[in-house]
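Participant: This is the structure, below, for whatever I ask next.
The values are calculated or read from the model by the stated rules, or taken from the named source; none is laboratory data. Everything numeric here is computed off the predicted structure, so don't read it as measured data. Cβ sites come from the backbone with ideal geometry, for glycine too, and all protein chains shown count toward neighbours.
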Amino acid sequence: MRVWRVVPVIVLTVVACSPQAGVEPTSTTAQSSAPSTAPSTTLPLVAGCPENGEFTEGGHVDTIEQSSSDADTIGLITWTAGEACETFTISFETPEGAPATTPPSVSVGYIDDLPIIRMSLDTTETVITDQLVETPMVERLYVVTALDGGMFIDIHLAAPAQARVTVVSSPAQLALDLQPGIVDYPTSAALSDSTVVVTPADGSTLTPPVSVEGYGRTFESNVLLIATSGDQVVAEEFTTAADSERTWGEFRAAMVLPPGNMSLFVGDENQEDGGLEGVTISLTVQ
């Protein structure tokens, strides 16, 4: 049975210095929830990012190493949305649940050819699982246990965005600033309530072996992969995700597939009726 840790929702209001007096940027807080109950808003957006600090669009954004840290847990994730800037602030806790003083090491970068910014963190626990965000630049976020240790937060973009990251201590926080970018992406990750496939992208043309990567919240962390051509199953694999009880768990699999057009299902069987639950993408194998 999954145990959920309930986190209070905190709504922050930030007043921007702007000629439009009395107009407030949108602000909200991520919580451990599925589905999300975060309120939506249509308030005008007015705030811009501070000028200090350089932005990057695509590739590696930044790596910040810490010689030591008391941060073990990803705590609340809050965000504010302005006309030309969105800021996501991640707070951290100690193993005892108190506010941490020093943030963990972090590496931030874009996933190739996808509108996803990944923040890899030296943490082992989280009070956040995922959240529907729906700001102009961000669609949603996921907190994932990594196969190689630690955790990462994937920010799924809703529009092109440039990024920069900063950390502060006492209390420990990480801030991801986003401003409008210019790079459009032809596709996005395939996702369902229980499975996110990061690669391959839907409609890809590939050569075997085909690497399948993503994260899920499936029964006992089991991940089933089935490739079909017409009504024929041409390949079937099982793999195990890094987590499923506390939060999302990363998975990887390599499949040797025959040439041709096919569909690839990634997910799991429903424990009640045996049906398949997950995502299906189309592939062409050369």
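Participant: Anything in region 243-263 that is in a strand (DSSP E or B) and within 10 Å of VAL285 (Cβ to Cβ)? List them, or say none.
Facilitator: Within region 243-263, MET255, GLY260, ASN261, MET262 meet the criteria.
Participant: Restricting the search to region 127-150, which residues are within 15 Å of ARG217 (Cα to Cα) and not in a loop (DSSP other than H, G, I, E, B)?
Facilitator: Across region 127-150, the qualifying residues are ASP130, GLN131, LEU141, TYR142, VAL143, VAL144, THR145.
Participant: Being in a strand (DSSP E or B) and touching a residue at least 60 places away in the same chain (Cβ under 8 Å) is the filter here, so list the residues in region 46-74 that pass it.
Facilitator: If the condition is that a residue be in a strand (DSSP E or B) and touching a residue at least 60 places away in the same chain (Cβ under 8 Å), then THR56, VAL61, ASP62, ILE64, ILE74 are the ones that fit.
Participant: Continuing with this model, one more query. Test ILE281 against the criterion of being under 19 Å from ILE111 (Cβ atoms), in a strand (DSSP E or B) and more than 18 Å from the chain's Cα centre (by Cα), and give yes or no.
Facilitator: Considered against the rule, which asks whether it is under 19 Å from ILE111 (Cβ atoms), in a strand (DSSP E or B) and more than 18 Å from the chain's Cα centre (by Cα), ILE281 comes out as yes.
Participant: Where residues in region 161-200 are polar (S, T, N, Q) and assigned to a loop (DSSP other than H, G, I, E, B), which of them is farthest from ALA84 (Cα to Cα)?
Facilitator: SER194
Participant: Kindly indicate whether THR187 is of a type in the set (S, T, N, Q), touching a Pro at 6+ places or on another chain (Cβ under 9 Å) and closer than 27 Å to PRO259 by Cα.
Facilitator: The answer is yes for THR187.
Participant: If you don't mind, another one. Kindly indicate which of ASP177, ASP184, ASP154 is farther than 21 Å from PRO95 by Cα, modelled with pLDDT under 95 and of a type in the set (D, E, K, R).
Facilitator: ASP184
Participant: Do we find that SER107 is of a type outside the set (A, V, I, L, M) and either assigned to a loop (DSSP other than H, G, I, E, B) or assigned by TED's automatic domain parsing to the domain that holds TYR215 (or both) in this structure?
Facilitator: For SER107, the condition - of a type outside the set (A, V, I, L, M) and either assigned to a loop (DSSP other than H, G, I, E, B) or assigned by TED's automatic domain parsing to the domain that holds TYR215 (or both) - is not met.
Participant: If a residue has to be more than 21 Å from LEU121 (Cβ to Cβ) and either touching a Gly at 6+ places or on another chain (Cβ under 7 Å) or of a type outside the set (S, T, N, Q) (or both) to count, how many in region 163-186 make the cut?
Facilitator: 7
Participant: Hey, any hits in region 20-39 for a residue that's among the hydrophobic types (A, V, I, L, M, F, W, C), under 30 Å from SER204 (Cβ atoms), at pLDDT below 85 and assigned to a loop (DSSP other than H, G, I, E, B)?
Facilitator: Yes.
Participant: Tell me, yes or no, whether region 193-204 has at least one residue that is surrounded by 21 or more Cβ atoms within 10 Å (Cβ to Cβ), farther than 16 Å from PHE265 by Cα and modelled with pLDDT of 95 or more.
Facilitator: Scanning region 193-204 turns up no residue that is surrounded by 21 or more Cβ atoms within 10 Å (Cβ to Cβ), farther than 16 Å from PHE265 by Cα and modelled with pLDDT of 95 or more.
Participant: Within region 243-286, track down each residue that is touching a Phe, Trp or Tyr at 6+ places or on another chain (Cβ under 7 Å) and of a type in the set (A, V, I, L, M).
Facilitator: LEU276
Participant: Can you go through VAL196, VAL223 and tell me which one is over 30 Å from GLY48 (Cα atoms), out of contact with any Ser or Thr (no Cβ under 7 Å at 6 or more places or on another chain) and of a type outside the set (Ser, Thr, Tyr)?
Facilitator: One residue alone meets the criteria, VAL196.
Participant: Please pick out the residue among PRO115, PRO95, PRO99 that is of a type outside the set (A, V, I, L, M, F, W, C), within 12 Å of PRO171 (Cα to Cα) and in contact (Cβ under 8 Å) with a residue 24 or more places away in the chain.
Facilitator: PRO99
Participant: Checking ASP112 against (1) at pLDDT 95 or above; (2) in a loop (DSSP other than H, G, I, E, B); (3) out of contact with any Pro (no Cβ under 8 Å at 6 or more places or on another chain); (4) under 22 Å from GLY58 (Cα atoms): exactly one of these is not met. Which one?
Facilitator: (1)
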